[in-house]
Amino acid sequence: MDTVKANGITLAYRAWGPEDAPPVLLLHCRGADGADWTQIAERLAAGARPRRVYAPDLRGHGRS
């Protein structure tokens, strides 16, 4: 898990796949966090067309 800080707000996120692959952003719904996307993210990152997948913990959820 990594974090990014902007304007005094720290957001945690998970990332899968090659850093140079096209990005995909997965956002969780209310009451969840980025870990909910693990199985899907792993498949997108390792598929025939690998993607760099980001799944943040939105503010007030998980480790954000």
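Take the range 17-32 and flag every residue that is open to solvent by less than 40 Å² (accessible area, probe 1.4 Å) and out of contact with any Lys or Arg (no Cβ under 7 Å at 6 or more places or on another chain). Listed by number, the residues that qualify are 26, 28, 32. Evaluating residue 2 against the criteria (1) open to solvent by 60 Å² or more (accessible area, probe 1.4 Å); (2) in contact with a Leu (Cβ under 9 Å, 6 or more places away or on another chain); (3) at pLDDT 90 or above leaves one unmet condition, (2).
Scanning the range 7-33 for residues that are of a type in the set (D, E, K, R) and within 16 Å of residue 58 (Cβ to Cβ) gives 14, 30, 33. Looking across the range 5-16, the residues that are surrounded by 14 or more Cβ atoms within 10 Å (Cβ to Cβ) and of a type outside the set (A, V, I, L, M, F, W, C) come down to 13, 14. Of the strands (runs of 3 or more DSSP E) lying entirely inside the chain, those containing at least 2 residues that are of a type outside the set (A, V, I, L, M) are 2-6, 9-16, 52-57.
The values are calculated or read from the model by the stated rules, or taken from the named source; none is laboratory data. Because the structure is predicted, anything quoted here is derived from the model rather than measured. Cβ: placed from backbone, ideal geometry, glycine included. Neighbour counts: every protein chain shown. Heads up: the accessible areas ignore ligands, DNA and RNA and are worked out on the full protein's heavy atoms, side chains in. Shrake-Rupley method; radii C 1.70, N 1.55, O 1.52, S 1.80 Å.
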